[in-house]
Each structure stands twice: as structure tokens, then as C-alpha cells.
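Notes to accompany the following structure.
The values are calculated or read from the model by the stated rules, or taken from the named source; none is laboratory data. Not measured: the values here are computed from a predicted model. Positions of Cβ are backbone-derived with ideal geometry, glycine not excepted, and every protein chain shown enters the neighbour counts. We work out accessible area using only protein heavy atoms, side chains counted, and drop any ligands, DNA or RNA first. Shrake-Rupley method; radii C 1.70, N 1.55, O 1.52, S 1.80 Å.
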Amino acid sequence: MSGYAAAGEVMYHIGLSNDMLCGAAYALLPGDPDRVEGLARALSPSAKFLASHRDFTSWLAPMKGGAALVMSTGMGGPCVTFAVEELARLGVTTFIRVGTTGSIQEAISPGDVIVNYGAVRMDGASLAYAPAPYPAIADLDVTRALLDGAARASIPVHRGISISTDSFWPGQERYDSFSGYVLRRLQGSLEEFRRLGCSNYEMENATLFTLASVMGLRAGSVCGVVAKRTESEAVAPPDVYRRAESRFQSIAREALTLLMKQDQVKEK
Ligand code: URA
């Protein structure tokens, strides 16, 4: 089966059908299922739980400009492909990743927020959709809405290119793994990406941006910094995480509000 889902058809992996989505064309995609409820309630106090299947927990938030879905993707590119493939079949056209990340620039600290407008394709999943030289870039309107949304919420943000890896440890040049070994070709890669001006490591942007581009959909990304890799391999304690979370919740809400308004004007 390809193309749009039939009425009432339940998507196999995410456990959702188009009637459950109530026409939602916008989706916020955190990686962690535990982050879904908080995000959904930040969008609307009358948000409601929809389903929980595998990595994919979903809530629906009614907003002034329409319904927004919040659904976890789980970690890494392969999980993102399930989310985008099945949500696209249900009519979702705009995707915003709302995640956590490790910064690789001195000026970016734990608790800060980064809007990524592009990603280095160190993932494997996107190669099933586009050859390696194809760029992983975010949608301009979605990115603009995230930056403007942050300004409206008076939250300073960094902007930059992430490196999306399939491995949290050697892929991000971490040595605190079981074996402690990083392949020779990845040794020095953090410093190289830093010198190339990249801003942060994470594990989903490249797959999301590539899939959205090749499918004619829109995607953007806002991430909270929970590790500062120029100083340490460690992930920050929960209070830093909560600071980043409250920031990316506000930014995502403002960005969605702006996008919904702009889209309504375009439809007229
Ligand atoms: N997520 C990542 O992928 N890397 C980090 O360092 C922190 C969060």
C-alpha cells in the first residue's frame, strides 16, 4: 500500500488512523516517549492521549489554528523513518523534531537551545531515500518560524548544522563506552566537525530532513543542549535537562502558532 491511508486504516507501527488525528497536519516529534505528554500539554491544556505502540507514544493537542500531533519517534534514524512514512500517509505535512543534543562549540552550553537548519548525514537510514551527496536541509519556513517563535518567547537560540549519527558512542567520538574504542576514521572527528563550524551532535535530524525533502514535506528541528562535548562526554543532570525542556516547549508552541497562522493566510 502506498499514498494516503484509507479512512480508518490503522498504521501498523504507530497505531494511529486518520480519524484519530482529526485532520492534524502538524507534528512535534520528540525522541523520548516520556516527553510527549509535557509537550502536548504545553500546546493545549485539553490535549489528550491517543496511543502507545513500540517507540511511538502519541497525544493530540487542539490549538487555535488546528490540531497538532505530538508523537515520540524513539532514538535514531530508522525509528524516524517509521514515524515520517506512516504520519505522511495520514496527512501530516509539517514535522518539527524537538530533541536533546550535545554541543561541540565552546559558546554553546548545557541548557541552551539550538535550531538546526541542516545536518551532516552520518546516519544510515536516509541512504535508502537519497544518495549521500543529497543535502539534509530543514524547510526554510519551519526554520524561520522556530527562530521567530524563540524571539517571541524571549528565548535566545543558537543556530547551526548538526551531525546526525547512528551511534551515541563511537559515532559521536565518545570513549566512555564498553570497549572504549573508537574506529581510527572517527578519531579526531569531533574536532574536525567543530573546525567545520558544525554546532551539535544528535541522532535524528539528517533522516528527518532528507525524508521530508524527498517526499515534498516540511521539517525543522529545535534541540536542548544536555552535553557539552568540548568539556566532557557526560550528559547533564536532570535540572539542566528540565531547563532545556521548558525552553524547547515554549519555542515549539510559538513556532506552531506562527506556522498555522501563515498557512491559514496562504489557504485564503
Ligand atoms: N543526544 C545525542 O545524540 N548526543 C548527546 O551528546 C546528547 C544528546
Wholly within segment 150-228, strands (runs of 3 or more DSSP E) carrying at least 1 residues that are among the basic types (Lys, Arg) and away from the ligand (no atom under 16 Å from the Cβ): 158-165, 218-228
Residue hits (segment 87-98; assigned to a helix (DSSP H, G or I) and either surrounded by fewer than 24 Cβ atoms within 10 Å (Cβ to Cβ) or among the acidic types (Asp, Glu) (or both)) are 88, 89
So, in segment 41-62, exactly how many residues are surrounded by fewer than 17 Cβ atoms within 10 Å (Cβ to Cβ) and in contact with a strand residue (DSSP E or B) (Cβ under 7 Å, 6 or more places away or on another chain)? 3
Can you say whether residue 189 is closer than 23 Å to residue 125 by Cβ and crowded, with 23+ Cβ neighbours inside 10 Å, as far as the supplied structure shows? no
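Here's the yes/no breakdown for (1) in a strand (DSSP E or B); (2) closer than 25 Å to residue 258 by Cα; (3) aliphatic (A, V, I, L, M):
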position	(1), (2), (3)
27	yes, yes, yes
38	no, yes, no
51	yes, no, yes
119	yes, yes, yes
Considering only segment 55-86, state which residues are under 15 Å from residue 207 (Cα atoms) and either away from the ligand (no atom under 16 Å from the Cβ) or assigned to a helix (DSSP H, G or I) (or both). 77, 78, 79, 80, 81, 82, 83, 84, 85, 86
Checking the structure you have, find out if any residue of segment 128-144 is within 16 Å of the ligand (Cβ to nearest atom) and within 19 Å of residue 78 (Cα to Cα). yes
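So that you can scan it fast, the table gives a plain yes or no per residue for (1) open to solvent by 40 Å² or more (accessible area, probe 1.4 Å); (2) under 24 Å from residue 63 (Cβ atoms):
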| position | (1), (2) |
| --- | --- |
| 222 | no, yes |
| 229 | no, no |
| 235 | yes, no |
| 239 | yes, no |
| 245 | no, yes |
| 249 | no, yes |
| 252 | no, yes |
| 259 | no, yes |
| 266 | yes, yes |
Of the candidates 65, 38, the one satisfying the condition of being within 30 Å of residue 233 (Cβ to Cβ) and open to solvent by 20 Å² or more (accessible area, probe 1.4 Å) is 38
